[in-house]
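The values are calculated or read from the model by the stated rules, or taken from the named source; none is laboratory data. From a predicted model like this one, the values you see are computed outputs, not experimental measurements. With ideal geometry, Cβ positions are generated from the backbone for all residues, glycine too; neighbour counts draw on all protein chains shown. Calculation scope for accessible area: heavy atoms of the full protein, side chains included, ligands and nucleic acids excluded. Shrake-Rupley method; radii C 1.70, N 1.55, O 1.52, S 1.80 Å.
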Amino acid sequence: MAARVPLANATEVAAAVAAAKAAFPAWSETAPLKRARLMFKFKQLLDAHHDELAELVTRDHGKLFSDSQGEVLRGIEVVEFACGIPNLLKTDFTDQISAGIDNWNLRQPLGVVAGVTPFNFPMMLPCWMLAMAAACGNTFVLKPSERTPSPSIRVAELFLEAGVPKGVFNVVQGDKVAVDALIEHPDVVAISAVASTPVAEYIYAEGAKRGKRVQALGSAKNHLIVLPDANRDQAVDALIASSYGSAGERCMATSVAVAVGRIADELIERLVPRVRSLRIGGGMEPDLDMGPLVTAAHRTKVSGYIDAGVAAGAKLVVDGRGHTVPGHEEGFFLGGSLFDNVKPDMSIYREEIFGPVLSVVRVPDLASAIALVNAHELGNCVSLFTSDGGAARVFSRQIQVGMVGINVPSPAPAAWHSFGGWKRSLFGDHHQYGQEAVRFYTRYKSVMQRWPDSIA
């Protein structure tokens, strides 16, 4: 056991919301330039405490320290983007739309906004939400996952150390009780969430029913399509890294390899030794490929999916069940698993496993691959590996997925773009961070003005 965390009740959530509400008037009137300077101080502190934050992530989650370092960096990048908020909040002005009348628009903060984040990115995802919400002039209440609570507390301490007034950022540790309290509180005007699709849909429906603005990112079932003309080494490297990195516990993980035509047998032949040789151990140990899963219950859930795949008739080429690590016999470890001949009606294809399990689906051509991906209810991210520019162009235009990679696995957009999927991978109209976050965390107001003739 690393630590104990007390879970907030509705009264404690209300106290956090009250603190945010009290801080909002002064913070919303703080000049965007001053908010930007405070964000830059916050970024500097995150830089200075980079490895400390990464170690907290590894301690709570179990992912490799190198993965945690990457997570911290991605969080800092969004904070860095938020430092440009004076420019991001600039709007339009039209002189003389009619005789003596000018028209312009404003983007004004919403008020108290809340964030609900999952266990797998306990530092990065709070930064994605907090940085843009606060930079836009809102005050923020975060409910992180109770499985990985520590990084959010340290982030809050550094936010205060940067000079941001108390009440602008508040953290409540909790479970569904805390989430429901935030949804139901009348002073919370918007909610941003990342969760499984059932939870994301619940937050969206319950929040929207109460008139709140909601963006809720849900589950993913990400495909990586390999055409026969693809660079084999690059495709296999991409599949190993994107499928088994962070033990598959990330929404950008590749969980389905779509082998097109004659490449299927060769792809399996190349993948098998790589999956079997994955180096697995404790998160702080060097030169590894995977750490443990987050909890014993989650390991059992992932193992259950492997059982279901075998029962459904998929060919289990590499079995990661029962993997133990010397010196960590009680750890929540699974080895990498690889399935071949997976069919679209199988649960291991339809559902998000969130573990180190890769399924290979065989299709005859690119059109079949596109149809396969488009038929799935989830549309988070997808990649195509090919040497054919024409095929890539057709693919990128026809695919019904929010984030697309061409010879790039796990195509998470840069901080100045925006992150989010399609279909049942996203509930709401706005993606995370980038310009989409400015739109989500502000209200648009149009102002039209005319003055009488001067007495002069």
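Given the convex hull of the Cα atoms of region 1-93, what is a quarter of its surface area in nm²?
Details: hull surface 34.9 nm².
The orientation-averaged projected area of the Cα hull of region 1-93 comes to 8.7 nm².
Helix 150-161 versus the longest principal axis of the chain: what is the Cα-based angle in degrees, 0 to 90, to the nearest 10?
Roughly 30 degrees, rounded to the nearest 10.
Give me the number: length gained by fully extending Ala371 to Met284, i.e. 0.36 nm times residue separation minus the C-alpha to C-alpha distance, one decimal in nm.
Numbers: separation 87, 0.36 × 87 = 31.32 nm, distance 4.19 nm.
Extra length from Ala371 to Met284 when fully extended: 27.1 nm.
Quick query: amide H of Asn222 versus all other amide H atoms, modeled in the peptide plane; which residues come in under 5 Å with a sequence gap of 5 or more or a different chain?
Amide H neighbours of Asn222, under 5 Å, 5+ apart: Ser255, Val256.
In nm, to one decimal, how far is the modelled label at Asp102 from the one at Gln400, with both set 7 Å along Cα→Cβ?
4.7
Relative to the longest principal Cα axis of the chain, at what angle does helix 263-276 sit, 0 to 90 degrees, rounded to 10?
80
Could you give the size of the charge dipole of the chain about its Cα centre, using +1 on the Cβ of each K and R and -1 on the Cβ of each D and E, expressed in debye and rounded to the nearest 20?
Working: 44 positive and 47 negative charges, 179 e Å.
So the dipole magnitude of the chain works out to roughly 860 debye.
If a/c stays under 1.5 just call it rounded; otherwise compare a/b with b/c (prolate if a/b is bigger, oblate if not). Do that for region 236-289, with a ≥ b ≥ c from the square roots of the Cα gyration tensor eigenvalues.
Judged from the Cα gyration tensor, region 236-289 comes out oblate (a/c at least 1.5, b/c at or above a/b).
For Ile406, enumerate residues with amide H under 5 Å from its amide H, sequence gap 5+ or separate chain, H modeled in the peptide plane.
Leu384
Counting only helical runs of four or more DSSP H residues, what would the 222 nm mean residue ellipticity of the chain come to if each run contributes -39,500 (n - 2.57) and the total is spread over all its residues?
Computed mean residue ellipticity for the chain: -13000 deg cm²/dmol.
Given a 1.4 Å probe and every protein chain left where it sits, what share in percent of the accessible area of region 359-427 is carbon and sulfur?
On the way: 1550 of 2840 Å².
So the carbon and sulfur contribution to the accessible surface is 55 percent.
If I compute solvent accessible area with a 1.4 Å probe over the protein chains, what percent of it on region 201-246 is carbon and sulfur? Write out the running numbers ahead of the final one.
Details: 690 of 1480 Å².
That fraction is 47 percent.
Length gain on complete extension for the stretch Arg210 to Arg439, per 0.36 nm per residue less the alpha carbon to alpha carbon distance?
That pair, Arg210 and Arg439, stretches by 80.4 nm at full extension.
Tell me, Kirkwood radius of region 209-336 from alpha-carbon pair distances, in Å?
16.4
Above 27 Å lies some portion of the pair distances; for region 279-410, what is it as a whole percent of all C-alpha pairs?
Working: 2753 of 8646 pairs.
Of all Cα-Cα pairs in region 279-410, 32 percent lie more than 27 Å apart.
In nanometres, what is the gap between the two model label sites at Ser277 and Glu351, each 7 Å from Cα along Cα-to-Cβ?
Output for this residue pair reads 3.4 nm.
Roughly how many nanometres apart are two label points built 7 Å out from the Cα toward the Cβ at Ala10 and Asn87?
Each label point is offset 7 Å from its Cα along the Cβ direction, giving 4.6 nm.
What is the extension gain from Asn407 to His50, computed as 0.36 nm multiplied by their sequence separation minus the C-alpha to C-alpha distance, in nm to one decimal?
Full extension from Asn407 to His50 adds 125.5 nm.
For region 171-299, with the dipole built from +1 on Lys and Arg beta-carbon atoms and -1 on Asp and Glu ones, taken about the Cα centre, which of Val171, Ala193, Ser243 lies farthest toward the positive end?
Farthest along the dipole direction, towards plus: Ala193.
Do any GluC sites (Glu not before Pro) in region 260-333 lie in a loop, going by DSSP, with at most 14 other beta-carbon atoms within 10 Å of their beta carbon, and if so which?
Answer by residue number: Glu329, Glu330.
Using Cα positions and a limit of under 19 Å, work out the aspartates and glutamates in reach of Lys90, with same-chain residues fewer than 8 apart set aside.
Glu29, Glu80, Asp102, Glu436
Once you compute Rg and the Kirkwood Rh from C-alpha atoms, what is the Rg to Rh ratio for the chain?
Taking Rh as the inverse mean 1/r over Cα pairs, Rg/Rh reads 1.02.
In the chain, with Lys and Arg counted as +1 and Asp and Glu as -1 at Cβ, which of these residues, Met123, Trp27, Pro144, has the Cα nearest the positive end of the dipole, that is, farthest along it?
Trp27
Starting from the amide H of His323, placed 1.01 Å from N in the peptide plane, find each other amide H under 5 Å away whose residue is 5 or more places distant or on another chain.
Those qualifying (amide H under 5 Å, at least 5 residues apart or on another chain) are Gly335.
Show me the three semi-axes of the equivalent ellipsoid for region 405-456, from the C-alpha gyration tensor (sqrt of 5 times each eigenvalue), largest first, rounded to whole Å. Display every interim value, and only then the final one.
Numbers: eigenvalues 346, 38, 11 Å².
In descending order the semi-axes read 42, 14, 8 Å.
Which parts of region 208-222 would a label at Asp180 reach, counting a residue when its backbone N lies under 16 Å from a point 7 Å out along Cα-to-Cβ?
210
How many angstrom lie between the C-alpha centres of region 123-146 and region 303-338?
36
Taking the chain as the reference, fit the longest principal axis to its C-alpha atoms, fit the long axis of helix 124-135 to the helix C-alpha atoms, and give the angle between the two in degrees, 0 to 90, nearest 10.
10
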